[in-house]
Amino acid sequence: MIAGLLSFGVRLFTGATAAWSGCQPSTRQRLYFANHTSNLDAVVIWASLPSEIRERTRPVAARDYWTAGPVRRYLAHRVFHAVLIERKKPTVRDNPLEQMVDALGTTDSLILFPEGTRNSGPEPGTFKGGLFHLARRRPDVELVPVYLENMNRILPKGEMLAVPILGRVRFGVPVVLEPEETREDFLIRCRAAVIALHGESEAS
Amino acid sequence: MITDLQLRWMAGGVLALLTVSSAIGWLLVRLRGENATLRNLNARVRAWWVMVAVFGGAVWSGETATLLLFTLISFLALREFVTLTPTRRGDHRSLFWVFFVITPLNYWILGTGWYGFWIIFIPVYAFLFIPLRSVLAGDCERFLERTAKVQWGLMICVYCVSHAPALLQLDIRGYAGQNAKLLFWFVLVVQMSDVLQYVWGKTLGRHPVVPTVSPNKTVEGLVGGLLSATALGALLWRVTPFGPLEAAGMALAVTALGFAGGLVMSAIKRDRGVKDYGSLIEGHGGVMDRIDSLCYSAPIFFHLVRYYHTD
């Protein structure tokens, strides 16, 4: 109920329409990876998914941010079912990779921002290795690149108040890890897949 | 609530026209099979049902509802406009003011009936305020260009559009309590002109007026649309404070201005490399695509009526 209202509200405010240009919505297990410019990003991707997919798609988010205050805690645990990871000092017990593999289980999908932090530049920063390790551990999970458009204009880093500019969530062609591909090559290719979707938005 | 008989007749006429249009659309699909043009035509007609219901409902409910509807229209149009405008991080706070303070305030001031303040609020106060708020963010890159674009969006989407509901505020000689009819007449003539230009253009259109801006706006569509919409406006002269000839003149003025508005807004779209401002109204594009003609015709029509028919 709250999830439904919230996702409707987010879609209304950000005007974020989903453009499935490289794949179709599906309940199969996926890892959506996207450029990260705004605190709205995870919520917007989550909200743009059809409800039966949304229910089993969990954003991977920073524990320090989402456990600060009762509202964020409630939203993270009860509404988004977020996978909260330790980004400052990961320990053996708090290994983000294990947490993400556990969270995928046999039915769920994840939303991941491989840059690890919000970037205010025009293009996404370098991708961290987690995406590669996840791809190796779970070759059955589809890796879907996502480009988020205008989120940094709706709610830029460091601002409290959002402006109702229209956004867009573009889903691309899934990336497959090649058998002999190195970590660096794979991450560069994933990043390029996200950037290519940006070019597609400019052209259309 | 408005219980004017003539307004009911006009609303009835519009509903009859919509029914006929829906029937023709259905028949064409039955006879010729579905194609892209017919699909778009039928989507447009369906969207017209919704738009007529919303606009008619608001006018019928009275001045407050009409003002609220136009506030929403301005807000949605401005949103589409600003999305197409490459603003920078330094404009964020100004944009927040523009959307959530200046836009509602413009309509609120209008609603209070304080004409002298409303008419200068955006062109003077907001005009000076926006660059000030942006400069505080300290980003000089393309400063004039960014500021000008936000000001322009505010003028077109909010200030100009708000002149349509402002018709309700005028003390027109010998026309007390009937202003809602004039607003209805104005919107009907302008929008019908768009529709008729589309119909004439689709059937007879050969020569684009400005091919580099919009190949769909043809001389044949323009002339046919303007003349038929002017005839419609003149035929409905009894609902207006004008005589038959003056009604024709007013209708010609607002339809010609409506064309100008469509042309100017098309140039902006073309420059930004998009076909439509948005996708909110199926078959039509965005809100801005539907009201581009109102942006140009509303302020001039308002001032013509104010100059010739109020004391």
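Structure data summary
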quantity: Estimated vicinal HN-Hα couplings, Hz - segment A:58-69 in sequence order (Karplus 6.51, -1.76, 1.60; Gly, Pro = x); calculated: 10, x, 8, 9, 6, 5, 4, 6, 7, 9, 7, x
quantity: Values of log10 I(q)/I(0), in the order q = 0.10, 0.12 Å⁻¹, for chain A under a Debye, Cα-only, solvent-free model; calculated: -0.38, -0.56
quantity: Binned Cα-Cα distances of segment B:31-95, short to long, each 5 Å bin given as a whole percent; calculated: 3, 13, 13, 14, 14, 13, 12, 11, 5, 1, 1, 0
quantity: Pairwise FRET efficiency - B:Leu304 versus B:Ile24, Cβ, R0 = 60 Å, nearest 0.05; calculated: 0.95
quantity: Most mobile of B:Arg30, B:Arg133, B:Arg93 in a GNM of chain B (Cα contacts under 10 Å); calculated: B:Arg30
quantity: Segment B:110-208, Rg to Rh (Cα coordinates; Rh as Kirkwood inverse mean 1/r); calculated: 1.15
quantity: Estimated FRET transfer efficiency (A:Ser21, B:Gln178; beta-carbon r; R0 56 Å; 0.05); calculated: 0.60
quantity: Diffusion constant of chain B at 37 °C, which comes from Stokes-Einstein with the Kirkwood Cα-pair radius and 0.692 mPa s, µm²/s; calculated: 161
quantity: Cut-off 16 Å, label 7 Å out along Cα→Cβ of A:Arg78, residues of segment A:1-15 by amide N; calculated: A:1-7
quantity: Rg [Å, one decimal], Dmax [Å, integer] - segment B:184-266, C-alpha atoms; calculated: 12.7, 41
quantity: Cα centroid separation, segment B:243-275 to segment B:87-134 (Å); calculated: 25
quantity: Residue with peak Gaussian network fluctuation, chain B [Cα springs, cutoff 10 Å], from B:Asn216, B:Asn40, B:Asn179; calculated: B:Asn40
quantity: Computed over segment B:262-311, Kirkwood Rh from alpha-carbon pairs, angstrom; calculated: 12.3
quantity: Fluctuation leader among B:Asp139, B:Asp91, B:Asp276 - chain B, Gaussian network, Cα springs under 10 angstrom; calculated: B:Asp139
quantity: Given charges at Cβ of Lys, Arg, Asp, Glu: segment A:31-90 dipole, positive-most of A:Ala68, A:Phe80, A:Leu31; calculated: A:Ala68
quantity: Compactness of segment A:113-204, expressed as Rg and Dmax over alpha-carbon positions, Å; calculated: 14.5, 46
quantity: For B:Trp60, B:Trp9, order by how many other beta-carbon atoms lie within 10 Å, fewest first; calculated: B:Trp9, B:Trp60
quantity: Per-bin percent of Cα-Cα distances, segment B:40-197 [10 Å]; calculated: 10, 35, 31, 19, 6, 0
quantity: Loop sites in segment A:92-157: trypsin sites (Lys or Arg not before Pro), DSSP, at most 10 other Cβ within 10 Å; calculated: A:Arg93
quantity: Anchor A:Lys157: lysines whose Cα lies under 26 Å away (excluding residues fewer than 8 positions away in-chain); calculated: A:Lys88, A:Lys89, A:Lys128, B:Lys149
quantity: Per-selection Kirkwood Rh - the protein assembly as shown (Cα, Å, 1 d.p.); calculated: 25.6
quantity: Charge dipole of segment B:84-160 about the Cα centre (unit charges at C-beta), most positive-ward option of B:Phe96, B:Thr112, B:Cys157; calculated: B:Phe96
quantity: Separation between Cα centres of segment B:287-309 and segment A:18-37, rounded to whole Å; calculated: 44
quantity: Compactness of segment B:84-160 - radius of gyration and Dmax, Cα, Å; calculated: 12.5, 40
quantity: Backbone N under 12 Å from the B:Ala148 label point (7 Å along Cα→Cβ), restricted to segment B:235-276; calculated: none
quantity: At least 30 Å along the helix axis (C-alpha) and Kyte average at least -1.0, DSSP helices within chain B; calculated: B:5-32, B:36-61, B:63-84, B:179-204, B:244-272, B:287-309
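The numbers here are math on the coordinates, done by the rules we state, and not lab data. Here the structure is a predicted model, which is why all the values come from computation and not from measurement. Backbone-built Cβ (ideal geometry, glycine too); neighbour counts: all protein chains shown.
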